[in-house]
Structures are given as C-alpha cells and as structure tokens.
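Let me begin by presenting the structure, written as structure tokens, before commenting on it.
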Amino acid sequence: MSASLTAVSAKPHFDEVWTETLTVPSQSGTDENTNVTSVGEQDPITWSWEVMTWSWYTLCELLIAVIGITGNVLVIAVVFGRRLKSRGKCRSMDIFVGNLAIADFLTSILLVPHPGVNSIPNSWTGALFCKAVEGKYLIWTTITASIYSLVSVSVDRFVAVVYPIHYKRFINSRLVNLIVGLIWVVSCVFMVQDLSNNTTGAIVGKCVYRRPPRNLQIFYGIHIFVVQFAIPTTLMLVTQIAIARSLRREAARFVTNVSAASFHNVARSRVITLTLTVVLIYFICFTPDQIAYMAFNLGLTPSYVRSPFARVLTALVTCNSCVNPIVYTLRHPQFREAVKDFFRNRSTRNTPIFEDLESHHRSDEIHPRIEKA
C-alpha cells in the first residue's frame, strides 16, 4: 500500500494539515478491494507525537507567546483586581480592556508550540482535536474576539467623548457585560465553518481537511475579510476621527481661556496619537495576511498556504496579541500607578484605571444644567 501526501490549509492562513490519499495497487488475478483491510480488523490507532523541531517559526511563536502571556496576565490581574474594589460601579473601559487582555492571553496560550501529531485515534477526542486545535478554530476565535474587543474600546471612547451625557445615562454594568458576552458568541459563530471542514480519517489516523466547494470557498474568504478586517477597521477609523473632531471643537470653545485651551489641546493630542497608534499597528499586523488569504480563496495564489511567506504573515497577525497590552495600557499613567499598587499590595485605591475622567467631569457639569432647565 502506498500513500501520497497532499498539503492543504486546515484553517484560514495558519498551519498546514496533511491528509493521506490511499492508493491500493492491484495484484494479478485479484480485485483491488479484496486487499483493503477493514477498519474493524486493523489494530486500533493510538495517539503518537512527532519529535519537536525548533525552526525559526517555532521560536518566533514561542517568543510571541511568552511576551503575550506575561503582559496580558499582568493586565488581567491589575484590571480585575481593581474592579473588585469598585463595589459594583460600572467601569466600561476597564471591562473592555480586561476582556481584550483575556482574548489576547488565550491567543498567546494557544500559540505555545507543541509537537506535531503522528497519529490520531478515530474517536470523538481525535475529531475534537482536529477541529478545534489542528484546525485552528480556537485560536482564530480568540483572535476575532480580540479584534472586536479593540472595536469596543474605540466605540466606548467615542460615546464617552462625543456623547458624554448619553454615556453617563445609558452605559451600565449590565450593558457592558452583555456586549462582552456578545463579542465571544459572535466570534465563535464567525469561525464555525472551520469545525465542519476538519475531522479524522477513518483509516489513516490523520487530521483530514475537506476542501469546500469552489463557490463556498470564495464566499468564506470574503466573509473572513469582511468580519476580521473591513468592518473592524471601518468602525475604529470612523469613531476615532469623530473623537478627534469633537476634541478640536472643544478646544476652539476655550480659545480665550489659555489654561483650558492648553488642557484640551493636550487631550486632543493624546487621543489622536493613540488613534494613529492603534489603527497603524492593527493595520500593519492584519492587512498583509488578510489580502494574501483573500487572494488565495479567489484562486490567485494557490500555493500561498504552503509557503514560508504565509507563516511570516501569520506571525505578524499574532504579534498584535502581545502589542495590545503596551498600546492600550502602558500609555496610561493610571495603569502604571495601578501596577505599582499591585506589586506593593496596596488596597486603598479603587478608582478607574482607563476611564476618561475629563469626559465624566464634563457630563457631570452638563447634566445638572439640563435637569434645572
């Protein structure tokens, strides 16, 4: 019995999974089918693992995973440790940043290199492993959740700065927790197609990728591009541009007040700088991979998934998980103070870490005036 190997992509633009196509040579005077041993007569296939090899890509994965785990664990500990002291107060920005850190932490955990699988039993555990791990369903679900957590951060700041009164009235813990839950549900649903494409072979004991029909593959490629790149990028750009315009108008109102104008100019510069940083890093990390994978699904680059270039672009995507703690936390002085309090085991502070106190002060000043009127 001879086996021919065919490389295919088990999950959008990630690792390759190999399938075996069995060909049985005919013998003279006999039927080919008589030479195939039935599944029940074969020895049961058990789990076996290949020898771990440390290529450049494996080392890169390990480095990204270690940085991502370390940074996001710190964010989770500081944010949720401070949240326990808030006594039920709604701190939407802290919750969204904490959810972002959880998504990036899970992504980093799933990035930790492991030995390749040599054989997998044809059982529910083997099928689950092929669908969730080898098929990369889990890691692309957490990456999608991370993307939409970034979107939630942008939208939260947009409402807080542009509509401070509505922000104070309508943003509460129940709504924020509902949004967080919705992010995870939607992320799981977006990637569900991958569960049906990967399974174990009945005879070969390998993870098998069933390539979808051509039209479905094109549709899925467009779907991935839209939900993982087009929609999030558009929302972040629109909201952040609106924030910058709102702060510019606020600064113009206080043009006669030097101290107030200076304060608003500083606030505007910080928001614009953060906006450019967030959009640029996200754009750099995701754009090359999304375009390349879109071209693959359209049939323009059929060899992309088996190329070293695909691994480079995938590594670039995963870098976003270890960069997020730096971009969204370490730029905030309140976070640095919270980290110091965490390591010094101080428990006196329960103030928000990432909330824009200036926007809350504005809403507190405007809201009483409306009620008096």
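The values are calculated or read from the model by the stated rules, or taken from the named source; none is laboratory data. Everything quoted here is computed from the prediction, not taken from an experiment. Note that each Cβ is placed from the backbone with ideal geometry, even for glycine, and that neighbours are counted across all protein chains shown. With ligands, DNA and RNA removed, areas are computed over all heavy atoms of the protein, side chains included. Shrake-Rupley method; radii C 1.70, N 1.55, O 1.52, S 1.80 Å.
Things worth noting here:
Yes/no per residue for (1) open to solvent by 50 Å² or more (accessible area, probe 1.4 Å); (2) polar (S, T, N, Q); (3) within 24 Å of Ala132 (Cα to Cα); (4) modelled with pLDDT of 85 or more:
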position: Val189; (1), (2), (3), (4): yes, no, yes, yes
position: Gly201; (1), (2), (3), (4): no, no, yes, no
position: Lys206; (1), (2), (3), (4): no, no, yes, no
position: Arg211; (1), (2), (3), (4): yes, no, yes, no
position: Phe219; (1), (2), (3), (4): yes, no, yes, yes
position: Ile224; (1), (2), (3), (4): no, no, yes, yes
position: Pro232; (1), (2), (3), (4): no, no, no, yes
position: Met236; (1), (2), (3), (4): no, no, no, yes
position: Ile243; (1), (2), (3), (4): no, no, no, no
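- Of the helices (runs of 4 or more DSSP H) lying entirely inside region 53-161, those containing at least 2 residues that are open to solvent by 30 Å² or more (accessible area, probe 1.4 Å), over 23 Å from Val186 (Cβ atoms) and without any contact (Cβ under 8 Å) to a residue 24 or more places away in the chain span 56-83, 124-129.
- Of all the numbered requirements in (1) open to solvent by 60 Å² or more (accessible area, probe 1.4 Å); (2) in a strand (DSSP E or B), Arg174 misses one, and that requirement is (2).
Every residue, every condition in (1) at pLDDT below 70; (2) of a type in the set (Gly, Ala, Ser); (3) open to solvent by 10 Å² or more (accessible area, probe 1.4 Å), yes or no:
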| position | (1), (2), (3) |
| --- | --- |
| Ser262 | yes, yes, yes |
| Val266 | yes, no, yes |
| Phe283 | no, no, yes |
| Ser307 | no, yes, yes |
| Arg311 | no, no, yes |
| Leu316 | no, no, yes |
| Arg336 | no, no, yes |
| Thr348 | yes, no, yes |
